[in-house]
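Trainee: Starting off with a structure, shown below.
The values are calculated or read from the model by the stated rules, or taken from the named source; none is laboratory data. Keep in mind that this is a model prediction, so the values were computed, not measured. In this analysis, Cβ positions are derived from the backbone assuming ideal geometry, glycine residues included, and neighbour counts consider all displayed protein chains. The area values use the complete protein model at the heavy-atom level, side chains included, leaving out ligands, DNA and RNA. Shrake-Rupley method; radii C 1.70, N 1.55, O 1.52, S 1.80 Å.
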Amino acid sequence: MPARRKLIAGNWKMNGLHAAGLELATDLARRLASAGTVGFDMLVCPPATLVHPVAGAVAGTPLAVGGQDCHPKESGAHTGDIGAPMLADAGAGFVIVGHSERRQNHGEDDALVAAKAAAAHAAGLVAIVCVGETLEQREAGQALAVVASQVAGSLPAGADAANTVIAYEPVWAIGTGKTATAADVAEVHAHIRATLAGRAGKPDAVRILYGGSVKPSNAAELMAVEDVDGALVGGASLVADDFWAIAETCR
Ligand code: 13P
């Protein structure tokens, strides 16, 4: 099996004004640069307003920058939306697509998520494709089927280990302080890995992140789970010490 380098990604969501955002990103970039050789990649996804200034502030360091969403089209009459080439132009190397907050709050379905991922690829960005079941679906015993169907429907043609990362984020674990058990995470990640076969190039090398209330106190256990190749962190990624402590579990 190919070695998969862990990816520790922070999703700032709709948080971050200029001064504090730059301070957080430069603090992390400094820690990463002075840590020397580590066993993980680190990424921050600030709000769209901060992608360019943050990318400029951390340029030349190993800290990567990403967007939180993109439109399936390159450009055009789409007020308020952001095209993937704009994110790339602003200094992003990644973009999150299909986050459950967008699936729920903006009615995004798998076909739209796949189109967004395709747009990300065309712009040279790595797409972080998010999937995850609701509490209702889990309690009905549908978690594996729901997640597999989201993976199958949300991956565009041409997805491979170099241009795509999957993030498994159970909806009921996001921002709630509840985390899935290591056994549940292992089961879902193994199912995602199996689902990737035939749907993504080099499926064994695709990184599968876990997200949902990841914090310093539970990160070591979650990051040690088979087929967990990193974390997509919300709240704890807004505090430099906490985000760094999560990353250090993969050092
Ligand atoms: P929390 O870490 O705040 O639960 O958010 C997880 C998430 O949605 C990351 O994309």
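Trainee: Probe 1.4 Å, all protein chains in place: accessible area of residue 202 in Å², nearest 10?
Mentor: About 150 Å², rounded to the nearest 10.
Trainee: With the Cα gyration tensor of the chain in hand, convert its eigenvalues to equivalent ellipsoid semi-axes via √(5λ) and list them largest first in whole Å.
Mentor: Working: eigenvalues 120, 98, 58 Å².
Values for the chain, descending: 25, 22, 17 Å.
Trainee: Still on this structure: With charges set only on the Cβ (+1 for Lys and Arg, -1 for Asp and Glu), what does the dipole of the chain come to about its Cα centre, in debye to the nearest 20? Mind showing how you got there, number by number?
Mentor: Numbers: 18 positive and 26 negative charges, 83 e Å.
Magnitude of the dipole: close to 400 debye.
Trainee: So, one more: Could you report the accessible area of residue 130 in Å², rounded to 10, computed with a 1.4 Å probe on the protein chains as they sit in the structure?
Mentor: Accessible surface of residue 130 is approximately 0 Å².
Trainee: If you don't mind, there's one more thing I want to ask. Kindly sort 81, 27 by accessible area of their heavy atoms, largest first, with the probe set to 1.4 Å.
Mentor: Details: 81 75, 27 40 Å².
Most to least solvent-accessible, the answer reads 81, 27.
Trainee: Around residue 235, under 10 Å between beta carbons, what's the net of Lys plus Arg minus Asp minus Glu among the other residues?
Mentor: Values: positive: 13, 215; negative: 242.
Summing Lys/Arg as +1 and Asp/Glu as -1 gives +1.
Trainee: Follow-up. To the nearest 20 debye, what is the magnitude of the charge dipole of segment 153-251 about its Cα centre, counting +1 on the Cβ of each Lys and Arg and -1 on the Cβ of each Asp and Glu? All intermediate terms of the calculation are to be shown ahead of the outcome.
Mentor: On the way: 7 positive and 12 negative charges, 44 e Å.
About 200 debye.
Trainee: Here is a follow-up. Could you compute the FRET efficiency for residue 79 and residue 109, with r as their C-beta to C-beta distance and R0 at 30 Å, rounded to 0.05?
Mentor: Details: r = 21 Å, r/R0 = 0.71.
That pair, residue 79 with residue 109, gives E of 0.90.
Trainee: Just to be sure I understand: with springs between alpha-carbon atoms less than 10 Å apart, which residue in 34, 213, 100 has the highest mean-square fluctuation in the Gaussian network model of the chain?
Mentor: 34
Trainee: Need one number: convex hull volume per residue for segment 123-183, Cα atoms only, in Å³. Can you show the working numbers first?
Mentor: Values: hull volume 6.5 nm³, N = 61.
Each residue corresponds to 107 Å³ of Cα convex hull volume.
Trainee: Across 10 Å bins from the origin, how do the percents of Cα pairs in segment 1-109 run, short distances first?
Mentor: Computed distribution, short to long bins: 14, 43, 31, 11, 1.
Trainee: Between beta-carbons, use under 12 Å as the cut-off and find the net charge around residue 98, counting Lys and Arg +1, Asp and Glu -1. Can you show the working numbers first?
Mentor: Details: positive: 102, 103, 116; negative: 69, 101, 108, 109, 110, 169.
Combined, the nearby Lys, Arg, Asp and Glu give -3.
Trainee: Leaving out ligands, DNA and RNA, what percent of the accessible area of segment 9-133 is carbon and sulfur, probe 1.4 Å? Please report the intermediate quantities before stating the final value.
Mentor: Values: 2890 of 5270 Å².
Of all accessible area on segment 9-133, carbon and sulfur atoms account for 55 percent.
Trainee: For segment 140-251, with the dipole built from +1 on Lys and Arg beta-carbon atoms and -1 on Asp and Glu ones, taken about the Cα centre, which of 210, 146, 182 lies farthest toward the positive end?
Mentor: It is 146, whose Cα lies furthest towards the positive end.
Trainee: Report the local net charge at residue 37: Lys and Arg +1, Asp and Glu -1, summed over other residues whose C-beta lies under 13 Å from its C-beta.
Mentor: Working: positive: 5, 251; negative: 41.
With Lys, Arg at +1 and Asp, Glu at -1, the net is +1.
Trainee: With a probe of 1.4 Å, find how much accessible area segment 42-101 has per residue, and write the answer as a whole number in Å².
Mentor: Working: 2420 Å² over 60 residues.
Roughly 40 Å² per residue, with all protein chains present.
Trainee: Compute for segment 86-142: radius of gyration divided by Kirkwood radius, i.e. Rg/Rh, restricted to C-alpha atoms, rounded to two decimals. Show your work: numbers first, answer last.
Mentor: Values: Rg = 13.4 Å, Rh = 12.3 Å.
Answer for segment 86-142: 1.09.
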